[in-house]
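The values are calculated or read from the model by the stated rules, or taken from the named source; none is laboratory data. This one's a predicted model, so the numbers in the text were calculated from it and none came from an experiment. Neighbour counts run over all protein chains shown; Cβ positions are idealised from the backbone, glycine included. The protein model used for the area step is the full one, side chains on, heavy atoms only, and it has no ligands, DNA or RNA in it. Shrake-Rupley method; radii C 1.70, N 1.55, O 1.52, S 1.80 Å.
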Amino acid sequence: MDGHYPVHGLVPGLYVADRAGWTPATEIIHGDAFDDMLEAAGRRWNTSPHVAAALAWKCYSYWTSLPALLGYATARRVPLLEPDKVLVRYDDRKPFLRAGLTDPKIAILPGDPLAAADLPGVQVVADETALLQTLRSSLVDAHLGPVVDRMHTRLHLGARTLWGSLASGVAHGISRAADVLPGSALDAANTLLDTLGLTDLVDLTPAESGRLEVRRRTCCLAFALPEPQICRGCVINKS
């Protein structure tokens, strides 16, 4: 998908060869890199700490989750994005955050051709239900959930607001890949949202193009920027 699709927040090739200048996600959950990310967000958006943090999370949750979401939706191959397998870096320009991977395990189904190859790092799970549960436990329980907890504790950002940005990111990520999916973008997005416990945070409508119209039930807080932005599909957009 590199080059033709909007994946500019991911490292070309997905894997980081030289880790210099990259931050492991473990340091955001447990270390000082959390403060570094918030400081970078403050410089990027020049706004209050909680608004900058909400926008940083919107970028972080989108780009760090995208490899697992698209891996599932396109090929039923899910990189397990525990925080020690994810690297990020920040920029004062767009995209604010870029993400890459460092040797994650890949979960696959028994019928996948890789299942017979006995390759290191390939984890064969029993069925699609198990594949989705593995996606959730590695991405949300082990990784994104702890980041939400830290933001909620430090900045008093509502967890529903933060999870709403992930829900929107799931829907938009799947929608943008609609023309390479083996099935319906709506079905894939609903399956992933249900798996991640995010179904009630967005409303989805299929478009004639096969992509999705996404309307949020929460706000990412971009309206509170010095130059307010109202995202298409935002809950506060009445048009």
- prompt: Within the set of pairs 6+ apart or on separate chains, which have a first residue in the range 192-220 that is at positive phi, a second that is assigned to a loop (DSSP other than H, G, I, E, B) and open to solvent by 40 Å² or more (accessible area, probe 1.4 Å), and C-beta atoms under 9 Å apart?
  reply: G210/S184
- prompt: What is the residue count in the range 221-239 for residues that are open to solvent by less than 70 Å² (accessible area, probe 1.4 Å) and in contact (Cβ under 8 Å) with a residue 40 or more places away in the chain?
  reply: 5
statement: Okay, helices (runs of 4 or more DSSP H) sitting entirely in the range 136-239 with 1 or more residues that are within 15 Å of the chain's Cα centre (by Cα) and within 20 Å of A99 (Cα to Cα), I get 145-155, 159-176
field: Single match in D118, D92 (criterion: under 28 Å from A20 (Cβ atoms), at pLDDT below 95 and either open to solvent by 70 Å² or more (accessible area, probe 1.4 Å) or in a helix (DSSP H, G or I) (or both))
entry: D92
message: Let me confirm something: among G145, G169, G111, which residue is of a type in the set (G, A, S) and under 24 Å from R43 (Cα atoms)?
response: G169
- request: Hey, can you tell me all the residues within the range 96-115 that are of a type outside the set (K, R) and outside any strand (DSSP E or B)?
  value: F96, T102, D103, P104, L109, P110, G111, D112, P113, L114, A115
